[in-house]
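J.: This is the structure, below, for whatever I ask next.
The values are calculated or read from the model by the stated rules, or taken from the named source; none is laboratory data. None of these values were measured; they are calculated from a predicted model. Please note: Cβ atoms are built from the backbone with ideal geometry, for glycine as well, and neighbour counts cover all protein chains shown. Just so you know, the surface numbers come from the protein's heavy atoms only, side chains and all, with ligands and any DNA or RNA stripped out. Shrake-Rupley method; radii C 1.70, N 1.55, O 1.52, S 1.80 Å.
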Amino acid sequence: MTTRLLPRPYRPLFARRDFRRLLPALAASDLGDGMSVVAVAWLAVLIAPPGRSGLVVGAAVAAYALPGAAGALLFGRRLRRLPPRRLIAADSRVRALLLGCVPLAWATGVLHPVLYVVLLAGSSVLHAWGNAGKYSLLARMLPPEQRLAANALVSASASASVVVGPALAGFLATAVGPAWIVGLDALSFAVLAVQVGRLGDPGEAPATGVPIDAGRSAAGLPLLRRRPELLGILALTWAFNFLYGPLEVALPLHVTEDLHAGAGLLGLYWTVFGIGAVLGALAAGALRRLPLWPVTLGIIAGWGLALLPFGLGVPASVSLVCFALGGVIYGPFTALSFTLFQDRTPAAWLTAVLAARSAALLTAAPVGTALGGPLTAALGPQRVLAASGFATIALALVATAARTAGGRRAPSRPAGTAADRDGRRRAHADGRST
């Protein structure tokens with residue numbers, strides 16, 4: 001009865017008990033990470049020696065994310081053969097244990113900045129594998145026609161955490177302090193580990209008809225080199241995230257220098273973007289009947305168009321509307337990108353390929369953000385925002401031209417069609433012969 005209230009693309013998902021169990025646990029861990037966006041940096045400020053706050057904050061924020069790229073490379077030979085459920089559980093247990101040590105060290109007075117950074121770095125070392133396991137588990141748990149809707153819900157949860165998490169952390173930090181918020185993040189991953197342990201161990205989704213052959217799986221990056229389309233999706237996503245990076249530097253400076261406003265307006269920009277991204281991610285579930293590649297390229301171009309008004313010096317009210325619309329456009333991108341990988345990757349390779357994807361993308365936005373600093377200093381924030389928009393539109397046009405010049409043998413098809421499944425069977429057979 002309750003499922004009748006849901007949009008039609010999402011109803012079949014909640015008929016599956018394992019998915020109903022998994023989604024709330026994933027949402028809890030997303031919320032924990034959303035709160036830690038504020039808590040990790042704030043706690044670093046509190047424990048930093050005088051005059052070293054910037055260094056400690058930068059090291060803490062980087063340690064909370066970047067070691068996942070190293071973990072994807074260092075542990076690939078051992079972890080790529082594990083079932084997705086065990087990868088999620090391993091990542092969640094490591095994060096729960098090491099993040100849980102942060103409030104304990106704080107309470108006992110031994111939380112030195114070096115110890116803090118080490119705990120954060122250790123907690124994130126398996127994150128690329130945990131993320132890969134999450135989407136691999138969805139691919140095994142669900143038939144192809146339901147994957148985009150599932151990816152959309154998971155993506156919407158992550159977007160919602162960007163809106164709710166920092167606001168909740170700001171409220172709780174006053175009451176309990178940032179160290180205990182990091183402890184709540186640890187608790188959320190403990191919940192995820194327990195819930196994943198209660199799931200069955202699903203095999204390949206029944207509609208694909210491709211047996212899992214872990215013994216023949218190989219490292220993700222060599223596999224990507226064998227599959228030009230997958231490599232193209234990864235390169236496109238990396239460039240898209242890279243071009244997004246300068247925005248995180250330019251937007252705060254645009255608010256303060258060009259609009260002569262304060263933190264309240266900056267927070268409002270990110271709030272309307274986050275709300276738009278949640279709505280856009282939820283709308284992605286209705287896109288499964290459309291060709292995924294053209295829709296993905298359209299999203300990239302649309303996001304670039306949403307940034308162009310910043311370069312025209314429009315009032316804040318207009319740019320807020322554009323940024324909210326940009327969030328709606330941007331929202332479906334993650335779900336569509338993962339669905340393309342799930343549909344184009346043979347089952348035996350999926351976890352390793354998604355781990356390589358996560359490792360590569362962990363570098364994209366930070367590199368773009370690092371470049372955004374000197375660019376903003378040289379050109380000014382308004383021009384950098386506009387340049388990011390123009391470059392993103394150019395990326396969509398170049399990618400479209402590359403696909404056209406590639407002479408695709410068959411037109412793009414919606415996810416989950418019989419033709420797609422036949423193509424995946426042929427890809428799997430090709431992989432066995434290499």
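J.: Check off (1) of a type in the set (Val, Ile, Thr); (2) under 18 Å from Leu297 (Cβ atoms); (3) modelled with pLDDT under 80 for Thr404 and give me the number that stays unchecked.
T.: The number of the failed condition is (3).
J.: Looking at Leu126, is it free of Cβ contacts under 8 Å to residues at least 60 places away in the same chain and buried (at least 21 other Cβ atoms within 10 Å of the Cβ)?
T.: yes
J.: Do we find a residue being part of a helix (DSSP H, G or I), open to solvent by 10 Å² or more (accessible area, probe 1.4 Å), touching a residue at least 60 places away in the same chain (Cβ under 8 Å) and touching a helix residue (DSSP H, G or I) at 6+ places or on another chain (Cβ under 7 Å) anywhere in the stretch 147-154?
T.: Yes, the stretch 147-154 contains at least one residue that is part of a helix (DSSP H, G or I), open to solvent by 10 Å² or more (accessible area, probe 1.4 Å), touching a residue at least 60 places away in the same chain (Cβ under 8 Å) and touching a helix residue (DSSP H, G or I) at 6+ places or on another chain (Cβ under 7 Å).
J.: Just the residues that are open to solvent by 30 Å² or more (accessible area, probe 1.4 Å) and either at positive phi or within 22 Å of the chain's Cα centre (by Cα) (or both), please, taken from the stretch 161-187.
T.: Those that are open to solvent by 30 Å² or more (accessible area, probe 1.4 Å) and either at positive phi or within 22 Å of the chain's Cα centre (by Cα) (or both): Val162, Val163, Val164, Pro166, Ala167, Leu168, Leu184, Leu187.
J.: Still on this structure, I have one more. Can you name every residue in the stretch 79-112 that is open to solvent by 40 Å² or more (accessible area, probe 1.4 Å), under 20 Å from the mean Cα position of the chain (by Cα) and among the aliphatic types (A, V, I, L, M)?
T.: Val94
J.: Filter the stretch 327-350 down to the residues that are open to solvent by 10 Å² or more (accessible area, probe 1.4 Å) and hydroxyl-bearing (Ser, Thr, Tyr), then identify the one that is nearest to the chain's Cα centre (by Cα).
T.: Out of the qualifying residues, it is Thr334.
J.: Which numbered condition in (1) open to solvent by 10 Å² or more (accessible area, probe 1.4 Å); (2) of a type outside the set (Phe, Trp, Tyr); (3) farther than 13 Å from Ala186 by Cα; (4) touching a residue at least 24 places away in the same chain (Cβ under 8 Å) is the only one that Gly51 fails?
T.: (4)
J.: Kindly evaluate Thr376 against the criterion of being assigned to a helix (DSSP H, G or I), surrounded by 20 or more Cβ atoms within 10 Å (Cβ to Cβ) and in contact with a helix residue (DSSP H, G or I) (Cβ under 6 Å, 6 or more places away or on another chain).
T.: So Thr376 fits the description; yes.
J.: Got a sec? Which of Ala360, Ala348, Ala356 is part of a helix (DSSP H, G or I), in contact with a His (Cβ under 9 Å, 6 or more places away or on another chain), at pLDDT below 90 and aliphatic (A, V, I, L, M)?
T.: Ala348
J.: Taking the options Val278, Val318, Val272, name whichever one is over 19 Å from Leu361 (Cβ atoms) and crowded, with 21+ Cβ neighbours inside 10 Å.
T.: Result: Val278 is the single residue among Val278, Val318, Val272 that is over 19 Å from Leu361 (Cβ atoms) and crowded, with 21+ Cβ neighbours inside 10 Å.
J.: I'd like the residue in the stretch 180-239 that is assigned to a helix (DSSP H, G or I), at pLDDT below 85 and out of contact with any helix residue (DSSP H, G or I) (no Cβ under 8 Å at 6 or more places or on another chain) and, out of all such residues, is farthest from Pro103 (Cα to Cα).
T.: Ranking the candidates gives Pro228 first.
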